[in-house]
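Q: The structure's right below; bear with me while I get my questions together.
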Amino acid sequence: MTTFWPIALITFKEGIRNRAIYGIALVALMLFGATALIATMVPREVGKVAVDMALSTISFAGLLIVLFVGINLMAKDLDKRTIYTVLARPISRSQYIIGKFLGMILLITVTMALLSLLAITAIIILKNIHAGYFTRFSWQAIILADGLTVLMLIMLSAISFLFASFTSSSFITLVLTIITYIIGQSLSGVKALLEAPSYEIGFNVSPMTIKLVTAVYYLFPNLSLFDIKLQAAHALPISPSFVLWTVLYGIVYIVLSITLAAIIFRRKEFP
Amino acid sequence: MITINGISKEFKEGITGKRVRALEGLELEIKKGEVFGFLGPNGAGKSTAIKILMNLIFPNSGTAQIGGRDVRDSEARRVVGYLPENPYFYDYLTTDELLWFGGRTAGMDSNSIRDRSDILINQVNLQSARKRPLRTYSKGMVQRAGLAMALIHDPEVVILDEPMSGLDPIGRKMVGDLLIELKGQGKTVFFSSHILNDIERFSDRAGIIIGGRLKRVDTLQNLLSGGKNLEDVFMREVALAEGVTAV
Ligand SMILES: Nc1ncnc2c1ncn2[C@@H]1O[C@H](COP(=O)(O)OP(=O)(O)O)[C@@H](O)[C@H]1O
Ligand SMILES: [Mg+2]
């Protein structure tokens, strides 16, 4: 911990003071305002719409933080060679990666906690105004959905670390991370579609394609698993075993990505 | 204290993959308490050698040790203070925070970090800027913050890559005073420069490197024997390296 903590702390400080954070916070505030406005336009559904929009805003703002603040933190280290500051110390490459990632976790957790506080405030205000339309409503489901979103963002950040370890430019890291996010969000849908009987979807899928999609399915992170916003909005029951397996899946994916990133980093040169 | 055994390094350049020989069979031994000046024109391979010592890049062949430890072992850097060429630090951190980081990773406690920071910040003259983010600093100020960072843990070995570059005359004098002080404390100093005067004034021993090859290593006294000045010695080596007969 004596080596990880200083790296994590300077990473967090460098991230939280980044101007982009204020911009993202402003966007989030505007979206929360819009939530209140739109929710009141559909009085009967105000509860569902409010919860869905508030959670979507949190995860959108979090995505911006991972993509533009998180990747930039790593990018600056590599492109502008601020990494020399760290590697000139008695710190190994693996310790650098782990410390840096712990700083990212801290940054994501703190910013997401603040955003969640705003979201909860918005929901409480709407709930007090339109008490009658919040009949099917569960704080527990909302907190759970929020927590899984945070885990998904940490996972995406871990994957961006992996990309940063072998690409030569931070722009490529950004593009690869965005592609991973998009694929990760739509993976379940594509797989279900291809596996459906051909008379249902109206065309034949070659076995080769199915194999390819299955391979991609297991290689790419299945980020859609972590999206239970709809269940939360409708206060549907969420099975504890689903949550448990999803959390476990996320942790395993994170540990594997960071381990691989650390191994690749050990051989990386910083000329 | 610093040993370099037959190090060679090749870079692949750009998309063509053309090979550039940055170092060829570099041999150097720097003794404890010595101030060693590494002199060479731009592109001679000075920074390459220093980055290999800091394990930032890896040699194609050869090994290097600091304080008896192979440089690939991160513990070797516990006794080392390093100032990179044109250093760049975190934009939103202050010098105080940077020094806290340096001290902590070297295992210092908060009190000794504070005491040592006060001394160093006075020495590099950043008193009024120490609580300001580094992005508001001028190039010279960043360089001075970097010097304080290199020295925060009172290292036995100090490696400085072009410590005077980008500094005004006052800054150069400050670095000079620091070098003399480090020497007085018995520290081992390895610094590179392409400026003859800096090498002549501050080093006990110097090495002249041209085109990746070490041309001469000797005490300053011997290099300058017979009333020569360092410029003559250096230009002669440059001429020889270019295959031109010296005048
Ligand atoms: N990352 C790199 N890629 C390709 N060539 C490099 C790289 N870094 C240095 N070189 C080449 O290696 C040689 C030595 O460079 P360097 O060690 O920076 O010289 P110095 O510090 O003495 O000015 C130069 O020819 C330079 O062009
Ligand atoms: Mg150089």
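Q: State to the nearest 20 debye the size of the charge dipole of chain B about its Cα centre, where the only charges are +1 on K and R beta carbons and -1 on D and E beta carbons.
A: So the dipole magnitude of chain B works out to roughly 360 debye.
Q: Rounded to the nearest 10 Å², what accessible area does B:E237 show when all protein chains are kept and the probe is 1.4 Å?
A: In the full protein context, B:E237 sits at about 20 Å².
Q: May I ask for the angle, rounded to the nearest 10°, between helix A:207-219 and the longest principal axis of chain A, with both axes built from Cα atoms and the value confined to 0 to 90°?
A: Roughly 70 degrees, rounded to the nearest 10.
Q: Which of the residues in the range A:231-271 show a loss of at least 40 Å² in accessible area from their chain by itself to the complete set of protein chains, at a probe of 1.4 Å?
A: Listed in order, they are A:E269, A:P271.
Q: Evaluate chain B: find the radius of gyration of its Cα atoms, find its Kirkwood radius, and give the ratio Rg to Rh.
A: Expressed as Rg/Rh, it is 0.98.
Q: Using modelled amide H (1.01 Å from N, peptide plane; none on Pro or chain starts), what sits under 5 Å from the amide H of B:R216, excluding residues fewer than 5 places away?
A: Correct list: B:I208.
Q: Using 29 Å as the Cα-Cα cut-off, could you pick out the over-long pairs in B:K12/B:K183; B:K32/B:K215; A:K100/B:K139; A:K268/B:K32; B:K18/B:K173; A:K80/B:K131?
A: B:K12/B:K183; A:K268/B:K32; B:K18/B:K173
Q: If you stretched the chain out fully between B:D115 and B:R19, how much longer would it get, using 0.36 nm times the residue separation minus the C-alpha to C-alpha distance?
A: Value of the extension gain: 29.7 nm.
Q: In Å², and per residue, what accessible area does chain B have when probed at 1.4 Å with the other protein chains present?
A: Solvent-accessible surface per residue comes out at 44 Å².
Q: Using a Gaussian network for chain B with springs between C-alpha atoms less than 10 Å apart, which of these wobbles most: B:K12, B:K139, B:K228?
A: B:K12
Q: What does the average come to when, for each residue of peptide B:88-95, you count the partner chain Cβ atoms lying within 10 Å of its Cβ?
A: Whole-number average of other-chain Cβ neighbours for B:88-95 is 6.
Q: Can you tell me which of B:G67, B:G17, B:G184 moves the most in a GNM of chain B? Springs connect C-alpha atoms under 10 Å apart.
A: Greatest mean-square fluctuation among the candidates belongs to B:G17.
Q: Beta carbons within 10 angstrom, averaged per residue: use that to sort the peptides A:9-20, A:120-131, highest first.
A: The densest-packed peptide leads the list: A:9-20, A:120-131.
Q: In whole Hz and in residue order, list the ³J(HN,Hα) couplings for the range B:75-87 that follow from phi through the Karplus curve 6.51 cos²θ - 1.76 cosθ + 1.60, θ = phi - 60°; x for Gly and Pro.
A: So the Karplus estimates, Gly and Pro as x, are 5, 4, 7, 5, 9, 10, x, 10, 10, x, 5, 6, x Hz.
Q: Just check chain A against the gyration tensor rule for me: Cα atoms, a ≥ b ≥ c as the square roots of the eigenvalues, rounded for a/c under 1.5, and otherwise prolate or oblate depending on whether a/b exceeds b/c.
A: Cα axes put chain A in the oblate bin.
Q: Compute the separation of the alpha-carbon centres of the range B:63-78 and the range B:130-149 and state it in Å as a whole number.
A: Result: 28 Å between the Cα centres.
Q: Where the only charges are on Cβ atoms (+1 Lys, Arg; -1 Asp, Glu), what is the dipole of chain A about its Cα centre, to the nearest 20 debye?
A: With Lys and Arg at +1 and Asp and Glu at -1, about 700 debye.
Q: Follow-up question, since we're still on this one. Which angle between 0 and 90 degrees, to the nearest 10, do you get for helix A:93-129 versus the longest principal axis of chain A when only C-alpha atoms count?
A: 20
Q: Relative to the longest principal axis of chain A, what angle (0 to 90°, nearest 10) does the C-alpha long axis of helix A:240-266 take?
A: With both axes taken from Cα atoms, the answer is about 20 degrees.
Q: How much area per residue is accessible in chain A when the probe is 1.4 Å and only protein heavy atoms are counted (Å²)?
A: Per-residue value: 47 Å².
Q: Sticking with this structure for a sec: Got a sec to turn the phi values of the range A:140-153 into Karplus ³J(HN,Hα) couplings, 6.51 cos²θ - 1.76 cosθ + 1.60 with θ = phi - 60°, whole Hz, x for Gly and Pro?
A: 4, 5, 5, 4, 4, 4, 5, x, 5, 4, 4, 4, 4, 5
Q: While we're here: Accessible area lost on pairing B with A, both sides, 1.4 Å probe, Å² to nearest 100?
A: Result for this pair: about 3000 Å² buried.
Q: If you don't mind, there's one more thing I want to ask. Amide H of B:V158 versus every other amide H placed in the peptide plane: which residues, excluding those fewer than 5 positions away on the same chain, fall under 5 Å?
A: B:G81, B:T188, B:V189, B:F190
Q: Another question, if that's okay. So, by mean Cβ neighbours within 10 angstrom, what's the order for A:226-232, A:183-189, A:259-265 with the highest one leading?
A: Listed from highest to lowest mean packing, they are A:226-232, A:259-265, A:183-189.
Q: From the helices alone, meaning DSSP H stretches of at least four residues, give me the mean residue ellipticity at 222 nm for the protein assembly as shown, per-run term -39500 (n - 2.57), in deg cm²/dmol to the nearest 500.
A: -18500 deg cm²/dmol
Q: Run the accessible area of the protein assembly as shown with a 1.4 Å probe and give the carbon-and-sulfur part as a rounded percent.
A: 62
Q: Under DSSP H, which helices of chain B have Cα atoms covering 30 Å or more of the helix axis and a Kyte-Doolittle average no less than -1.0?
A: none
The values are calculated or read from the model by the stated rules, or taken from the named source; none is laboratory data. This one's a predicted model, so the numbers in the text were calculated from it and none came from an experiment. Heads up, the Cβs are rebuilt from the backbone with ideal geometry, glycines too, and the neighbour counts pull from every protein chain shown. The protein model used for the area step is the full one, side chains on, heavy atoms only, and it has no ligands, DNA or RNA in it. Shrake-Rupley method; radii C 1.70, N 1.55, O 1.52, S 1.80 Å.
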